[in-house]
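Everything on this sheet refers to the single structure shown next.
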Amino acid sequence: MYIEQANLSKRLIRECYGPIVETVAGVLIRDGRLPLGLLIKNTKLSAREVKQALVVLIQHGVVTHAASKEGAGGRMVTYYSANTRVVLRQQRLGLYLALVEERMGKEGVAVFRTIMENGIMAIGTVKERLGSSEWSQAAQIKLDAATSKLVRERFIVAVAPGDTVTRIDKTMEAEAVELDKLAVLPTAKELLTIRRMLNDRAEQEYSNTTVVGIKRAAEEEADGHVSKVVVGPDGRTLVVANGANGADGINGSESQDTVDQTQCFRVYYDRLDVFLRNQQLVNYFADKYNAGAGAIVKAMLRITESRTKTCRDRRSEILSVAQVINQLPQDAPLADAVDTGSDMFFQDLAASATSGNDTAKGGGGNGALTPAKRTELAFALLEVVRADAAGIVVKVDDRGGGQYQLNFDRAASALRDQSLDTLVHEKFGSLHARIVRVLRDKQKLDEKSVATAAMMPIAACRERLHDLALAGFIDSYEIARTVDRNPSRMFYLWYINPQKQTRAAMRYIFKSMTNVFARLDKELAARAPLVAKTKRADVAADQSLLTDSEKNELAALSAAQTRLEVANVRLDGMLLAVHDISPEHASF
Amino acid sequence: MAELEAKIYEHALKNSNGIDNDYLNDALPEHTLEDIVNGVNRLLQSGQLELLQVGRTILYRGVHRSEMERMSELTSDERLVYKHIENSGGEGIWVRTLKQKTNLLQGVITRCLKVLEQRALIKSVKSVKHPTRKLYMLINVDPSSDVTGGPWYTDQEMDSDFIDQLARQCYQFIYAHSFPRHNTKAVYSANHTGYPTSSQIKRFIHENRITNVDLSTANIEELLAMLVYDGKVERVAPVFDMGAGGGGRPDAASNPRTDWMYRALRVNVRDSPLTDIPCGRCPVFDRCSDSGAITPAKCEYFKKWLAF
């Protein structure tokens, strides 16, 4: 835990939940696991306030609890611990809401927002809050469809009572249960076996694709067809959908799912990070090649989205070329994306893929492109992204024109390296960035070899190496030439330690975000009387009551606020690229 | 005997790599081995022949008259030092190494070097790899590129301007061949083989007389590696000959493509979120905190940035 991370977390908690909750969370972040008594003592608040604050924090997943036996009497003491990872997500809420609105529509974002604001909530309660009982039937059906889509896509997940228990305590408890089965004390090997088994069990649970909290509600009619009332294509009228022909534009499976109204749900932030990561990946390819390459990768990621749970997944499912081409939107910018140069290779592939399929519904889309030409260009672009040096898109087989897979491990590394290289380039200069790339490529080198590879004078190279080491972006490794490890007779090799590099960048990011918040507070505080004046009823009704200088001040405040908030969002995007999307660091 | 010695001397001069007893036996069948060996010994004593050892083989090499005259003026220590310097060739030899090899005292070596320099037989050069060391080599020998640093060094200093200009020319050439001319937003397909190789870039530099300095392919590859590390260019794996034996496998017998190709990357102006705000370039970032003299609330850089 960095002090900068702790400061930023406290600042975010104050903004979301207020000063009392901030005090309680701040003590937990600073002191670690604490029982209630110590928490009350350290916060110097009343017991009631501390308990209320803990309820809020547990409700929002910031704090978890665990009971353990203590003392000779074996009394149960509950310990509370804070999870700053959840707190830091608060910075991304705007992005999450935009993402949900884009995919789920207004109804979906209304449900999502209500659950997000309340931490954990049952769907029935969400509907009460939204007042959906007073809506029209069509609107209610749309709301139900959006809710079931949110659950099915895992944007919200069902909450079990054990979800608020600290994870490590659950693991220890499970281990204790296994150890109790043994007659004698376990050997090291047995203990390792038990831990591996528990780990595998946790992995299986993670890989479980069952969606909790949703059930199919089908009504069969006498003739065996399933019919149901669904919203028509115009979004307002209701039509009866016959199971034989379905309703136009409505997916039959969506209308069959019903969400359990009494089941509590919470927002699944880790799942939403997948979409943010995918967007960054699309931008990576679009910047490196062109919009067509970005469209291909976007299509591939779209197919994998449903099967990718969180950023922990290292590989995607295997995709066929046909799937990718079918997923491409009609307006994908393929026409000017790649010059195949009348390459027979791609023409033959396209011909075999589209044989007998010339009247496919994709015909005529994307300007004057025929389906065969479109397929040819898609093939060519797939090969271009596959040949990329980062190795993100991998061809696993040649069946059916080719089968591809996305390697998210390499994707996370590529995005992280790009982010850090840009940071070093902007902060220190192009020559420092060159040294970083040399070390990343060549692993451990002494300063002479670095100077030779980077083509710079050795004195300048030495200075730059020390600048980077001071900032934490590179590290040194000593090899002694003598037994007494005399420093003057040692080899010093420079290398890049990715974990240390990430930690250095994260410290900068956390501290900068805290500074931005502090500056925002200052800008608001400096104009607090003016802001209070604008909230007066008479001024709110008639803006002409403000003088010109006051209006200018308000405009300046708005501009400053926008600039600072955008800066924070960008910094958070960098944090995502550098740390959160890495499979090692992504949580469940 | 003089005639035999003259013949032996003539054979030794003809073969600059040295001759051995077997060669002389074959070349002079009319003389016995004993006579030949005696003749060799006399020539060795007079300094017209010198001994070489290659592995376990003893060879004799002829010493030219001019060299003999030079060496005759030198003492045995000076001759020893001279021989070691001569053997180092273009790499030169350091005083400490000389001391290790000759086992002479430091003062003796210093005196010998001074005499040899005065007689214009050796010279001292500085190495770019070890700037504090003085290397000695024969006066008529050109220092190797390891010592001078190659084409990138001028007067023992790295010529960064020259390197940058040359790199820029190479990058422009690579960029012009990396994207289709009719549409610069497009990219070539993965099978494209028209990206420039290091030999093509070398030819471009030579034909356009971009520089007078003689550059080898290895030098060009060093420059291209620098461009790769700058993130401007990437190396593309060579495409194997598709016509070689089917299956696209490389066949050493039929003109394999071993040159790496180089492709320019689109350089998009990208700024880091950290350096976009004043904190990223602040000289007192580490001393900034919530309280004290340096705080975000009092920060002048923030004030200017927000007013910009």
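The values are calculated or read from the model by the stated rules, or taken from the named source; none is laboratory data. For clarity, every value in this text was computed on a predicted model and none was experimentally measured. Cβ coordinates were reconstructed from backbone atoms using ideal geometry, including for glycine residues, and neighbour counts include every protein chain displayed. We work out accessible area using only protein heavy atoms, side chains counted, and drop any ligands, DNA or RNA first. Shrake-Rupley method; radii C 1.70, N 1.55, O 1.52, S 1.80 Å.
Can you spot a residue in the stretch B:242-260 that is part of a loop (DSSP other than H, G, I, E, B) and either touching a strand residue (DSSP E or B) at 6+ places or on another chain (Cβ under 8 Å) or modelled with pLDDT of 90 or more (or both)?
We begin by selecting, within the stretch B:242-260, every residue part of a loop (DSSP other than H, G, I, E, B); these are B:242-260.
Okay, now just the ones that are also either touching a strand residue (DSSP E or B) at 6+ places or on another chain (Cβ under 8 Å) or modelled with pLDDT of 90 or more (or both), so B:259-260.
Looking for residues that are part of a loop (DSSP other than H, G, I, E, B) and either touching a strand residue (DSSP E or B) at 6+ places or on another chain (Cβ under 8 Å) or modelled with pLDDT of 90 or more (or both), one finds at least one in the stretch B:242-260, hence yes.
Every residue in the stretch A:326-341 that is more than 10 Å from every other protein chain (Cβ to nearest Cβ) and among the polar types (S, T, N, Q), please. Those that are more than 10 Å from every other protein chain (Cβ to nearest Cβ) and among the polar types (S, T, N, Q): A:ASN326, A:GLN327, A:GLN330. Only residues that are assigned to a helix (DSSP H, G or I), touching a Leu at 6+ places or on another chain (Cβ under 8 Å) and farther than 19 Å from A:ASP397 by Cα were counted across the stretch A:300-328, and they come to 0.
To keep it simple, each residue is scored yes or no on (1) modelled with pLDDT under 85; (2) closer than 20 Å to B:ASN87 by Cβ; (3) open to solvent by 60 Å² or more (accessible area, probe 1.4 Å).
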| position | (1), (2), (3) |
| --- | --- |
| B:ALA2 | yes, no, yes |
| B:ASN15 | yes, yes, no |
| B:GLN45 | yes, no, yes |
| B:GLN48 | yes, yes, no |
| B:GLY55 | yes, yes, yes |
| B:ARG61 | yes, yes, yes |
| B:SER66 | yes, yes, yes |
| B:ARG70 | yes, yes, yes |
| B:LEU74 | yes, yes, no |
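This table checks each residue for (1) in contact with an Asp or Glu (Cβ under 8 Å, 6 or more places away or on another chain); (2) closer than 29 Å to A:TYR96 by Cβ; (3) among the hydrophobic types (A, V, I, L, M, F, W, C).
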site	(1), (2), (3)
A:VAL109	yes, yes, yes
A:ILE115	no, yes, yes
A:LEU130	no, yes, yes
A:ALA160	no, yes, yes
A:THR166	no, yes, no
A:LYS181	no, no, no
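Rundown of residues vs (1) open to solvent by 60 Å² or more (accessible area, probe 1.4 Å); (2) charged (D, E, K, R); (3) at pLDDT below 90, yes/no style:
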site: A:LYS69; (1), (2), (3): yes, yes, yes
site: A:ALA72; (1), (2), (3): yes, no, yes
site: A:THR78; (1), (2), (3): no, no, no
site: A:TYR96; (1), (2), (3): no, no, no
site: A:ALA110; (1), (2), (3): no, no, no
site: A:ALA146; (1), (2), (3): no, no, no
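Report yes if some residue within the stretch A:347-360 is in contact with an Asp or Glu (Cβ under 7 Å, 6 or more places away or on another chain), among the polar types (S, T, N, Q) and modelled with pLDDT under 90; otherwise report no. Yes, the stretch A:347-360 has at least one match. It is to be established whether one or more residues within the stretch B:64-75 are of a type in the set (Gly, Ala, Ser), within 23 Å of B:ARG119 (Cα to Cα) and within 32 Å of the chain's Cα centre (by Cα). Taking every residue of the stretch B:64-75 in turn, at least one turns out to be of a type in the set (Gly, Ala, Ser), within 23 Å of B:ARG119 (Cα to Cα) and within 32 Å of the chain's Cα centre (by Cα).
Looking only at the stretch A:41-51, decide whether some residue is touching a residue at least 24 places away in the same chain (Cβ under 8 Å) and under 21 Å from A:ARG167 (Cα atoms).
no
Open to solvent by less than 20 Å² (accessible area, probe 1.4 Å), at the interface with chain B (Cβ under 10 Å from one of its Cβ atoms) and not hydroxyl-bearing (Ser, Thr, Tyr), is that true of A:PHE473? Against the criterion (open to solvent by less than 20 Å² (accessible area, probe 1.4 Å), at the interface with chain B (Cβ under 10 Å from one of its Cβ atoms) and not hydroxyl-bearing (Ser, Thr, Tyr)), A:PHE473 does not qualify. For B:GLU234, the test of being among the acidic types (Asp, Glu) and more than 10 Å from chain A (Cβ to nearest Cβ) is failed. Could you tell me whether B:GLY107 is on the phi < 0 side of the Ramachandran plot and touching a Pro at 6+ places or on another chain (Cβ under 6 Å)? For B:GLY107, the condition - on the phi < 0 side of the Ramachandran plot and touching a Pro at 6+ places or on another chain (Cβ under 6 Å) - is not met.
If you check A:ARG503, A:ARG536, which single one turns out to be basic (Lys, Arg) and either surrounded by fewer than 13 Cβ atoms within 10 Å (Cβ to Cβ) or free of Cβ contacts under 8 Å to residues at least 12 places away in the same chain (or both)?
That would be A:ARG536, the only listed residue that is basic (Lys, Arg) and either surrounded by fewer than 13 Cβ atoms within 10 Å (Cβ to Cβ) or free of Cβ contacts under 8 Å to residues at least 12 places away in the same chain (or both).
Cβ-Cβ distances below 8 Å connect the following pairs, each with a first residue in the stretch A:424-449 that is more than 9 Å from every other protein chain (Cβ to nearest Cβ), a second residue that is at pLDDT below 90, and a separation of six or more residues or different chains: A:GLU447/A:ILE458. Looking at this structure, is B:GLY194 on the phi > 0 side of the Ramachandran plot and either surrounded by 13 or more Cβ atoms within 10 Å (Cβ to Cβ) or modelled with pLDDT under 90 (or both)? No; evaluated as a whole, the condition is false for this residue. Taking B:ASN140, is it outside any helix (DSSP H, G or I), open to solvent by less than 50 Å² (accessible area, probe 1.4 Å) and either of a type outside the set (D, E, K, R) or modelled with pLDDT of 90 or more (or both)? So B:ASN140 does not fit the description; no. Criterion applied to B:GLU30, B:GLU86, B:GLU50 was being in contact with a strand residue (DSSP E or B) (Cβ under 8 Å, 6 or more places away or on another chain) and more than 30 Å from B:THR132 (Cβ to Cβ), and the one residue passing it is B:GLU50. Candidates are the residues of the stretch B:17-41 that are open to solvent by 80 Å² or more (accessible area, probe 1.4 Å) and more than 42 Å from the chain's Cα centre (by Cα); the one that is farthest from B:ASN87 (Cα to Cα) is B:GLU30. For the stretch A:411-423, filtering for residues that are open to solvent by less than 40 Å² (accessible area, probe 1.4 Å) and more than 11 Å from chain B (Cβ to nearest Cβ) leaves 4. In the stretch A:512-522 there is at least one residue matching the filter, namely being assigned to a helix (DSSP H, G or I), open to solvent by 40 Å² or more (accessible area, probe 1.4 Å), farther than 19 Å from A:LEU470 by Cα and within 11 Å of chain B (Cβ to nearest Cβ). It is to be established whether one or more residues within the stretch A:390-410 are surrounded by 22 or more Cβ atoms within 10 Å (Cβ to Cβ) and part of a helix (DSSP H, G or I). Yes - at least one qualifying residue is present in the stretch A:390-410. Where helices (runs of 4 or more DSSP H) sit wholly within the stretch A:70-175, those with at least 2 residues that are without any contact (Cβ under 8 Å) to a residue 40 or more places away in the chain occupy A:93-118, A:123-130, A:137-152.
Here A:TYR508 passes the criteria (1) at the interface with chain B (Cβ under 9 Å from one of its Cβ atoms); (2) hydroxyl-bearing (Ser, Thr, Tyr); (3) touching a strand residue (DSSP E or B) at 6+ places or on another chain (Cβ under 7 Å) except the one numbered (3). Restricting attention to the stretch B:266-298 and to residues that are under 43 Å from the mean Cα position of the chain (by Cα) and more than 17 Å from A:VAL569 (Cβ to Cβ), the residue that is nearest to the other protein chains (Cβ to nearest Cβ) turns out to be B:ASN268. Scanning the stretch B:184-198 for residues that are part of a loop (DSSP other than H, G, I, E, B), under 16 Å from A:ASP287 (Cα atoms) and at the interface with chain A (Cβ under 9 Å from one of its Cβ atoms) returns B:LYS185, B:ALA186.
Whether a residue is part of a helix (DSSP H, G or I), free of Cβ contacts under 8 Å to residues at least 40 places away in the same chain, open to solvent by 30 Å² or more (accessible area, probe 1.4 Å) and of a type outside the set (A, V, I, L, M) was assessed, and B:THR132 does not pass this test.
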